[in-house]
Amino acid sequence: MGFVKEFKEFALKGNVIDLAVGVVIGAAFNKIISSLVDDIITPAILTPALKAAHLTNLSELVIQGTAIKYGNFLSTIISFTITAIALFIFVKAVNKMKKKKETESVIPAEPSNQEKLLAEIRDLLKK
């Protein structure tokens, strides 16, 4: 089997294409979550705390006399935590919708009139 043919079979497998689509969608979704966290949630949470500390930005938090900016580190930790919580809530909601859909599809359909009649005949014949 030629190299090109093997590569073509590998690259066009369903799993590889599904994975590629998942990575692209994930990258786009990452931008949405990052914007939600950086532009909406974090400022809403941090603004009161920064005002109480008489600061305008977390990057202003530095250890005096050093180049250690622990404010940036705190900001990254807060962003990570908020992102993790947002993703957890999103995944939980998706799983709940999937579970609901599965339970709806599991409910068997009621037998038709013909099936009911055949079941009655069967039961009568057994007696």
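Coordinate-derived values only; no laboratory data. These figures come from a predicted structure and were not determined experimentally. Positions of Cβ are generated from backbone atoms using ideal geometry, with glycine treated the same way; all protein chains shown enter the neighbour counts.
A compact table of results
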read-out	value
Contact order relative to length of the chain, as percent, for alpha carbon pairs under 8 angstrom and 6 or more apart	16
Cβ-placed point charges (K, R +1; D, E -1), dipole of the chain about Cα centre in debye, nearest 20	300
Packing rank of 53-63, 117-127, where each peptide gets the mean count of other beta carbons within 10 Å, highest leading	53-63, 117-127
Kyte-Doolittle at least 1.0, axis length at least 30 Å by Cα - qualifying DSSP helices, the chain	14-35
Anisotropy class of the range 35-87 from Cα gyration tensor, a/c 1.5 cut	oblate
Equivalent-ellipsoid semi-axes of the range 56-115, from the Cα gyration tensor, Å, largest first	56, 7, 4
Residue among S35, S75, S112 with the largest mean-square fluctuation in a Gaussian network model of the chain, springs linking Cα atoms under 10 Å	S112
Listed residue (A52, N30, L117) projecting farthest to the positive dipole end of the chain, Cβ model	L117
